[in-house]
Amino acid sequence: MAGDVFSYVFFGSDEGAAASSAQKCFDELAEGTDGWGNEVIDGTVATVDEALDIIRRTVSGLMMVNMFGGRKVIWLKAANFMGDTPQGTRSEAVQQALDELVEALQNLPFDTFFLLSATEMDKRRVFFKKLSSVAEMKEFSKIDITKPGWESELSAHTLRMAKPYGITFDNAALDLFVHRVNESTRQIANELAKLDVYLGPERRKVLVEDVELMVAVSRNGVIFEISRAIENGSCRQAIRLINEQLENGEQAVTIMRAAIVPTVRNRFCARLLMDTYHPDTGNYRAFESALNKLPPEGLKLLPLKKDGTPSCYGIFNAARSCGKLTLKKARRDLQACALADRQLVSTQTDTRDVLHKLIVTLTA
């Protein structure tokens, strides 16, 4: 920790990463202390009154000098009233109390340290700007899985988290893992811990069957499982997964546009690229390199990352699963998707029946 900093704030949409970093900071600051002056305050509240009570308790703890002398660490943990919520900054009383907390941080007693971990922060408020001036702020954001290229970013993140366990992944297993979990660091950590125990000390490499057996499927993971079933030509599996999602209240059009259309579109683009430019599909890096060298008309087939460069991951997976798929069949599948999508939004046709017929067509 920096020698001239006495307050640290950890926040962001990736709650697991924020909490883990806050815990590490607390452990470092508390090391060597007798523990009597340290306090962890649960910041999870349901009402404005509870939020006000927690803030007052925190300010009181900060202002009280450690009766035994030496360093004192106060951690306001998992605060859920720093964001734009009814029990948070929508309340003028909470805003005023937060201003008082910042004022206390500006006048901390000697050798007193403050930590805050929060699920979200309302950056529009004056208190956030004041807090930023007296504390070291660290924001942790989840990887945006709605953006092209998220798979490679989440894969790299997973490998970094797996390194302390000494765990490595088979390529196919890593691909399945990142699609089964969501973007939460906390869930990734939980699943890695499960795999660590399951593998035992004798084996450190994760295989596909290990992921299938041990790793829970998130909502986003189900979408990938539907895509995977379509790519593998597994009609029964795809229909079973779709039925489960419909029974759980998912909308048919959401399943269509999140799982089916992207899969069919990627397979069409992959087939067209393979037939036209013959990229190497045996190795991702070689495939990515080949696609980055495509002429302008070829690049138009590829989705783009945030930085404007081609996103090759989804196309690479589609290319590996194309097998005997012909360009003619890939085009028919794309047309079948367009027709089914129109039926879902503009007719009274049974949505389950529309999806079932489409899956039979795609996997035939």
Handout entry: Residue list for the stretch 15-47, filter: free of Cβ contacts under 8 Å to residues at least 40 places away in the same chain and aliphatic (A, V, I, L, M)
Key = 40, 41
Practice task
Return the only residue of 238, 216 being among the small types (Gly, Ala, Ser) and either within 19 Å of residue 349 (Cβ to Cβ) or in a helix (DSSP H, G or I) (or both).
Solution key: 238
Exercise for the section: Test residue 224 against the criterion of being touching a residue at least 12 places away in the same chain (Cβ under 8 Å), aromatic (Phe, Trp, Tyr), assigned to a helix (DSSP H, G or I) and closer than 26 Å to residue 156 by Cβ, and give yes or no. Expected result: yes
Practice task
Examine the stretch 135-150 for a residue that is part of a helix (DSSP H, G or I), assigned by TED's automatic domain parsing to the domain that holds residue 113 and within 30 Å of residue 104 (Cα to Cα), and state whether such a residue exists.
Solution key: no
Problem - Test result for residue 270, at pLDDT below 90, in a helix (DSSP H, G or I) and either out of contact with any helix residue (DSSP H, G or I) (no Cβ under 8 Å at 6 or more places or on another chain) or aliphatic (A, V, I, L, M) (or both) - result: no
Problem - Residue satisfying condition, being over 23 Å from the mean Cα position of the chain (by Cα), surrounded by fewer than 16 Cβ atoms within 10 Å (Cβ to Cβ) and of a type in the set (Ser, Thr, Tyr), within set 276, 254, 281 - result: 276
Exercise for the section: Determine the pairs where a residue that is within 24 Å of residue 8 (Cα to Cα), located within the stretch 133-160, has a partner that is among the aliphatic types (A, V, I, L, M) and surrounded by 19 or more Cβ atoms within 10 Å (Cβ to Cβ) with Cβ atoms under 6 Å apart, the partner being 6 or more residues away or on another chain. Expected result: 134/105; 135/9; 137/9; 140/17; 140/18; 143/154
Problem - Any pair with Cβ under 7 angstrom, 6 or more apart, that starts in the stretch 262-276 at a residue that is under 15 Å from residue 299 (Cα atoms) and ends at one that is assigned to a helix (DSSP H, G or I) and among the basic types (Lys, Arg) - result: 268/331
Practice task
Filter the helices (runs of 4 or more DSSP H) completely within the stretch 15-112 down to those with at least 3 residues that are among the β-branched types (Val, Ile, Thr) and touching a strand residue (DSSP E or B) at 6+ places or on another chain (Cβ under 6 Å).
Solution key: none
Practice task
Please state which one of 58, 44 is surrounded by fewer than 21 Cβ atoms within 10 Å (Cβ to Cβ), modelled with pLDDT of 85 or more, polar (S, T, N, Q) and within 23 Å of residue 100 (Cα to Cα).
Solution key: 44
Exercise for the section: Report whether or not residue 127 is assigned to a loop (DSSP other than H, G, I, E, B) and under 22 Å from residue 15 (Cα atoms). Expected result: no
Practice task
Inspect the stretch 179-196 for any residue being modelled with pLDDT under 95, more than 17 Å from residue 223 (Cβ to Cβ), out of contact with any Leu (no Cβ under 8 Å at 6 or more places or on another chain) and not in a helix (DSSP H, G or I) and give the result as yes or no.
Solution key: no
Exercise for the section: For the stretch 168-185, state whether one or more residues are surrounded by 15 or more Cβ atoms within 10 Å (Cβ to Cβ), in contact (Cβ under 8 Å) with a residue 60 or more places away in the chain and not charged (D, E, K, R). Expected result: yes
Exercise for the section: Look at residue 254 and say whether it is closer than 17 Å to residue 322 by Cα, of a type in the set (Val, Ile, Thr) and in the same structural domain as residue 324 (by TED's automatic domain parsing). Expected result: no
Completion exercise
Restricting the stretch 309-324 to residues that are surrounded by fewer than 23 Cβ atoms within 10 Å (Cβ to Cβ) and assigned to a loop (DSSP other than H, G, I, E, B), the one modelled with the highest pLDDT turns out to be 324
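Yes or no, residue by residue, for (1) at pLDDT below 90; (2) buried (at least 18 other Cβ atoms within 10 Å of the Cβ):
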position: 3; (1), (2): yes, no
position: 17; (1), (2): yes, yes
position: 28; (1), (2): no, no
position: 63; (1), (2): yes, no
Practice task
Give me the pairs, please: first residue somewhere in the stretch 325-352 and surrounded by fewer than 15 Cβ atoms within 10 Å (Cβ to Cβ), second residue anywhere and polar (S, T, N, Q), beta-carbon distance under 6 Å, and either six or more positions apart or on two chains.
Solution key: 349/343
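The values are calculated or read from the model by the stated rules, or taken from the named source; none is laboratory data. Note that the structure is predicted; figures quoted are calculated from it, not measured. Every residue, glycine as well, gets a Cβ built from its backbone with ideal geometry; the counts of neighbours run over all protein chains shown.
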